[in-house]
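Structure, as structure tokens:
The values are calculated or read from the model by the stated rules, or taken from the named source; none is laboratory data. All values derive from a computational prediction rather than experimental measurement. Virtual Cβ from ideal backbone geometry, glycine too; neighbours counted across all protein chains shown.
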Amino acid sequence: MTSYGYRRPDVVITGIGMVTPSGADTSTAWKAACAGQSAGAADPRLAGLGVDFSCAVSGFDPELVLGGDARRMDPFTQFAIAAARAAVADAAPTDGSWDTARTGVVLGTAVGGQGTWEEQGQRLRDRGPRAVNPLTVPKAIGNIAAGSVAMNLGLHGPSLTLSTACAAGTTALGYALDLLRAGRCDVVLAGGTEAAVTPLVSTAFDRLKALSRRGVDPSGASRPFDEHRDGFVLGEGAAVLVLERADDAKARGRRAYARVLGYGASSDAHHLTAPDPDGRCAQLAVRLALEDAQVDAADVTLVNAHATSTPQGDAVEAGLIERVFGRNTAVTSTKGVTGHMLGAAGAVEAAFTALSIEQGVIPPTANFQAPGPGIAEIDIVHGAPRHAPVSVAVSNSFGFGGHNAVLVLGSA
């Protein structure tokens, strides 16, 4: 293990806010995850396309949360602000307890305001330049969700967006950890947001043969590690977590969900979309995260896998889990419930992992029945939630372009 010449501050999660396909608030989303209730269903936005179903956010009224301002925002910004507000309310800062100049925002996204670009492109083609909304750019650019969260909450610390494809939410949390350790911020709102369930994105992923075509059974289409998996199901939504130093949280009497022990990242440098088949660089990210956390693989009791329900990706990840953690560490993938939320996925999965640590409950891998070919012999939680203490957990995220990001969380 690395020896540090100074005492690193402990960083904890004190607030969680979620808007997901399995629930538009944290409590509902968590209950659905523990019940293994898949959100997959036919989606009118995708009607007539090769894949016409998704895991869509339901029960979310942006105007109820944001008022008339919602009409000037792409859904990926709406989701982010709603999740951030909920996270701050959950963290319950007393008036004046946070210095807004030292409170930052770090969000991840893969595609940003894609729906706005598609809508306005159609207007340009059908009706000409004057039909294009003058607010198109500030609605759609990738950084605007983080900027809008800062504006909405009056936060003046660093505000930025990171894009590492489907690893973006986890990358954002890792960067937030660094900001707190370095003393550049006292509080960071970190997570991911995505609203990419659009005709073009769905069709593009389908053309890559990345999506499930289980249209006769949408709720059973996202099935991580299962022998009948045939691709992922597009999801959408956001999760924002409040990170702060443990001493500060204790001073204001706030109990934490979990500690953020470590973070690791690497690059496959192998292929635009496919993982390195031997998983060696994803494994490197796991090893770096464990080293940063100063824990051994044997200490880990839960792995929240990236496992998207693709044939190759799930097999590669199962192999690295077996090599690093053996066959007895509990493994789950909550994407069976939420689908693949792209840049928001890692943040949602970190939130679920923190809740597993706090409550001693591991959600089942929805739709998993039997391991598919090439899936290593690992302990995949399925069928029902598992009630067991979780002291140290790992959350994996891997993205197109070879981005690997891994968090280690522990009991507070």
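Scanning the range 205-236 for residues that are in contact with a Lys or Arg (Cβ under 9 Å, 6 or more places away or on another chain) and in a strand (DSSP E or B) turns up F232, G235. Residues in the range 383-398 that are surrounded by 14 or more Cβ atoms within 10 Å (Cβ to Cβ) and without any contact (Cβ under 8 Å) to a residue 60 or more places away in the chain: R386 alone.
Remark: pairs (first residue in the range 237-261, closer than 27 Å to V19 by Cβ; second residue in a helix (DSSP H, G or I) and hydroxyl-bearing (S, T, Y); Cβ separation under 9 Å; 6+ apart in sequence or on different chains) = G237/T338; A239/T26; A258/T353; A258/S356.
Quick check, is L234 assigned by TED's automatic domain parsing to the domain that holds G112, in contact with a Cys (Cβ under 9 Å, 6 or more places away or on another chain) and within 27 Å of I81 (Cβ to Cβ)? Criteria met by L234. Can you tell me which condition E322 does not meet? The list is (1) closer than 24 Å to R7 by Cβ; (2) assigned to a helix (DSSP H, G or I), and all the others hold. Exception for E322: condition (1). The C-beta contact set for the range 6-29 (first residue in the same structural domain as G346 (by TED's automatic domain parsing) and free of Cβ contacts under 8 Å to residues at least 24 places away in the same chain, second residue surrounded by fewer than 24 Cβ atoms within 10 Å (Cβ to Cβ) and not in a loop (DSSP other than H, G, I, E, B), distance under 8 angstrom, 6+ apart or interchain) is empty. For the range 72-87, the criterion of being under 30 Å from E118 (Cβ atoms), β-branched (V, I, T) and in a loop (DSSP other than H, G, I, E, B) is met by no residue. Quick one: is R102 over 15 Å from A347 (Cβ atoms), out of contact with any Leu (no Cβ under 9 Å at 6 or more places or on another chain) and without any contact (Cβ under 8 Å) to a residue 24 or more places away in the chain? Answer is no for this residue.
The set of residues in the range 356-409 that are within 16 Å of the chain's Cα centre (by Cα) and aromatic (F, W, Y) comprises F398, F400.
The lone criterion from (1) modelled with pLDDT under 95; (2) of a type in the set (G, A, S); (3) within 30 Å of Q369 (Cα to Cα) left unmet by A269 is number (3). Among the residues of the range 97-119, those identified as surrounded by fewer than 19 Cβ atoms within 10 Å (Cβ to Cβ) and either out of contact with any strand residue (DSSP E or B) (no Cβ under 9 Å at 6 or more places or on another chain) or of a type in the set (V, I, T) (or both) are S97, T100, A101, E118, E119. Selection over the range 110-156 of residues that are under 30 Å from D99 (Cβ atoms) and over 23 Å from the mean Cα position of the chain (by Cα) gives a count of 3.
Quick one: would you say D178 is among the charged types (D, E, K, R), closer than 30 Å to R259 by Cα and not in a strand (DSSP E or B)? Spelling it out, D178 is indeed among the charged types (D, E, K, R), closer than 30 Å to R259 by Cα and not in a strand (DSSP E or B). Taken as a whole, the structure leaves G96 outside the set of residues that are free of Cβ contacts under 8 Å to residues at least 24 places away in the same chain, assigned to a helix (DSSP H, G or I) and out of contact with any Asp or Glu (no Cβ under 6 Å at 6 or more places or on another chain). Just one of the listed residues (A41, A29, A33, A24) is surrounded by fewer than 22 Cβ atoms within 10 Å (Cβ to Cβ), touching a Pro at 6+ places or on another chain (Cβ under 9 Å) and modelled with pLDDT of 95 or more, and it is A41. Scanning the range 300-315 for residues that are more than 12 Å from the chain's Cα centre (by Cα) and either on the phi > 0 side of the Ramachandran plot or of a type outside the set (V, I, T) (or both) yields L302, A307, S309, P311, Q312, G313, D314, A315. Could you list, in sequence order, the residues of the range 266-280 that are surrounded by 20 or more Cβ atoms within 10 Å (Cβ to Cβ) and under 21 Å from L162 (Cα atoms)? The answer is S266, D268, P275. Please go through the range 50-65 and pick out each residue that is surrounded by 15 or more Cβ atoms within 10 Å (Cβ to Cβ), in contact (Cβ under 8 Å) with a residue 40 or more places away in the chain and out of contact with any Phe, Trp or Tyr (no Cβ under 9 Å at 6 or more places or on another chain). Hits for the range 50-65 are D52, F53, S54, C55, A56. Look through G104, G112 and report the one residue that is under 30 Å from T14 (Cα atoms), modelled with pLDDT of 95 or more and touching a Lys or Arg at 6+ places or on another chain (Cβ under 9 Å). The match here is G104.
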